[in-house]
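Here the structure is laid out as C-alpha cells; the discussion comes afterwards.
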Amino acid sequence: MKYSVNETHDPSLECRVKSAHDPRTDFPIQNLPLGVFIRLNCKSRPAIGVAIGDRILDLKQSREKGLLAGLDERLLEGVGSESLNDLMALGPEHWSALRRRISLLLRAGDASRQKAAEIEASLMPMSETRMVMPARIGDYTDFYASIYHARNVGKMFRPDTPLLPNYKYVPVGYHGRASSVVVSGTPVRRPWGQSEGQSAPEFKPSRMLDYELEVGAFVGTGNALGQSVGIREADAHLFGFCLVNDWSARDLQKWEYQPLGPFLAKSFATTISPWIVTMEALAPFRVPAMQRPLGDPAPLPYLADKEDMESGAIDLGLEVFLCPEGKSPVLLSRSNLRDLYWTFSQLLTHHCSNGCNLRPGDLIASGTVSGEGKGTGGCLLELTWRGSEPVKLPQGDTRCFLEDGDEVVMRGRAERDGFVGIGFGECRGRIVPSSDSF
Ligand code: CA
C-alpha cells in the first residue's frame, strides 16, 4: 500500500492551535506525529499524544470525552495504552482513520461550541510534559544503507577497496541492542571498554566517542516466523519514522569489530527522537530512490520493484548540531535521507527474507546518513577523517571526537513546494563523564 496525498496534507487547512501556523514549527496540522508523554507536576501515567504546534493533543482524554467515537474498538483500545505498540499492530487503514479524525478535530471552526471546549481541554502545553519512549522496542536492527558513508569509512580502513563486493547486492546490517535505546534528552555516559594500546590492549574510558546521524523506521504490523514480506507489501508494514543517534565508541569498535561486527562499541546507548512521524504524513515528500550509477548491478528480483524505485525514498533534510557545555550550538553537518542506496522497503523485505519475524514496535535504523560532498558526513569519524582534520568551533575550539559535556542535537525536516513543511522535533543527548572507577 502506498499512501497518497489527501485532504490531511492540504496546505490551506486552518488549525485551532495558533502555534501550529508558525512557519518554524515542526508540528503543523499536516504532520500529526504520535508519541508518549507524561504530565509534569502530577502523578499521571504515560499517555499517547499528538504534537500540534507547541501543544499535545492527549488521545486518551480525547477518547474519554467521546471525541474519537465511531472509530474501531481496537483503535480506541490502542489509543488508551501507554505505548504505541498496540496501535502499530493494527495496520495502515486504522492508522489512516485515526489521522483523519485527529485532523478534523484540530481544524479551526469545525466543531460545535461544546465540542470545541472538549478539544481545548484535551490540549496541553508541551512545556508541561515530558516525553518518554514511544514504544516498547523488542528488537533493534541497524543497517548501513548510505553508500557515501560506507565508502568513506571503507576508504579509511581499506584505501584500495573501500566498498566490499557484497555492498551493492545485500543490504548490510547488524542486530543492535534494544534495551539501551533511550529517548531524547537522556544523558549518555562515556563507556569504558577495551581498545588497542601502545604495546598491549587497554581497558579505559573511550577516547573516541562519536555520534551517528540516522533515521529509524518503526515496524507496524509484523510478520509470522517463517514468513516473508514481499517488496510490494513492505511499505504497509512500516508505521513511521524517528531520528536516531547511534552513539559509537570508535576505539572500542576498531579493536572488537572483526570478525562479527559491532558489539560493546554501540550497545551502551542509542538515542531516538520521541515523536514518530507517520508514513502517511510523509506521503508528499516521497521521491525516486537513488539512481544507481551506471555499471552497478540491479537489485536482485526480491528487492526490485518499479514503484519502489519511483517513490521509495524520502526527501528529508537532516542536520546535526554540537552544543559544548554552556555554549551555543554549532552546525556540524547537513545530509538528506533521499541519498540512501537502499529504500526502507528494501531493508524491511531483506530483513524478513529468511523468515525472521518482525514485530510491532521493532526499530529498523538506516545506518549513518552521509552525503557525497564535504560537510555532509553523518558522524565525526567522517567529518574529521578519523580525527586527522579536527572540526573548528567558535573561539578557537576544535573537536575530533566528543568531549564530556558536549550535547549532540539532530533535527529533520521535509519540505516541498506547494506543501507545508513538517519536522521531526529534536533528538538530543549530552555526554556525561564515565564512572570514576570500574
Ligand atoms: Ca550505525
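Just a few scattered comments:
- When SER366, SER370 are checked against the criterion of being of a type in the set (S, T, N, Q), within 16 Å of the ligand (Cβ to nearest atom), farther than 23 Å from ALA178 by Cβ and surrounded by 24 or more Cβ atoms within 10 Å (Cβ to Cβ), a single residue qualifies: SER370.
- Helices (runs of 4 or more DSSP H) (entirely within the stretch 69-117) containing at least 3 residues that are open to solvent by 50 Å² or more (accessible area, probe 1.4 Å): 73-79, 92-106
- Out of LEU123, LEU164, one residue alone is over 30 Å from ARG55 (Cβ atoms) and away from the ligand (no atom under 16 Å from the Cβ). It is LEU164.
- Hey, LYS168 closer than 30 Å to PRO293 by Cβ, modelled with pLDDT of 95 or more and open to solvent by 30 Å² or more (accessible area, probe 1.4 Å) or not: yes
- Count of residues meeting criterion [within 18 Å of ARG99 (Cα to Cα) and either more than 16 Å from the ligand (Cβ to nearest atom) or assigned to a loop (DSSP other than H, G, I, E, B) (or both)] in the stretch 239-249: 2
- Residue in the stretch 338-346 that is surrounded by fewer than 24 Cβ atoms within 10 Å (Cβ to Cβ), on the phi < 0 side of the Ramachandran plot and not in a loop (DSSP other than H, G, I, E, B) present: yes
- Some residue of the stretch 225-238 being within 14 Å of the ligand (Cβ to nearest atom), assigned to a loop (DSSP other than H, G, I, E, B), at pLDDT 95 or above and out of contact with any Phe, Trp or Tyr (no Cβ under 7 Å at 6 or more places or on another chain): no
- Within the option set LEU300, LEU260, LEU252, being of a type in the set (A, V, I, L, M, F, W, C), within 16 Å of the ligand (Cβ to nearest atom) and out of contact with any strand residue (DSSP E or B) (no Cβ under 6 Å at 6 or more places or on another chain) holds for one residue only, LEU260.
- Residues satisfying the stated conditions in the stretch 405-424, i.e. open to solvent by less than 10 Å² (accessible area, probe 1.4 Å), out of contact with any Lys or Arg (no Cβ under 6 Å at 6 or more places or on another chain) and not in a loop (DSSP other than H, G, I, E, B): VAL408, MET410, GLY412, ALA414, ILE422, PHE424
- Residues of the stretch 157-164 include none that is crowded, with 18+ Cβ neighbours inside 10 Å and among the β-branched types (Val, Ile, Thr).
- Residues that are without any contact (Cβ under 8 Å) to a residue 60 or more places away in the chain and crowded, with 20+ Cβ neighbours inside 10 Å within the stretch 223-282 comprise ALA249, ASP251, GLN253, listed in sequence order.
The values are calculated or read from the model by the stated rules, or taken from the named source; none is laboratory data. It should be emphasised that the depicted structure is a prediction, and the values quoted were computed from it without experimental measurement. Note: ideal-geometry Cβ built from the backbone for every residue, glycine included; neighbour counts use all protein chains shown. To get the accessible areas, we keep the full protein, side chains included, count just its heavy atoms, and leave off ligands, DNA and RNA. Shrake-Rupley method; radii C 1.70, N 1.55, O 1.52, S 1.80 Å.
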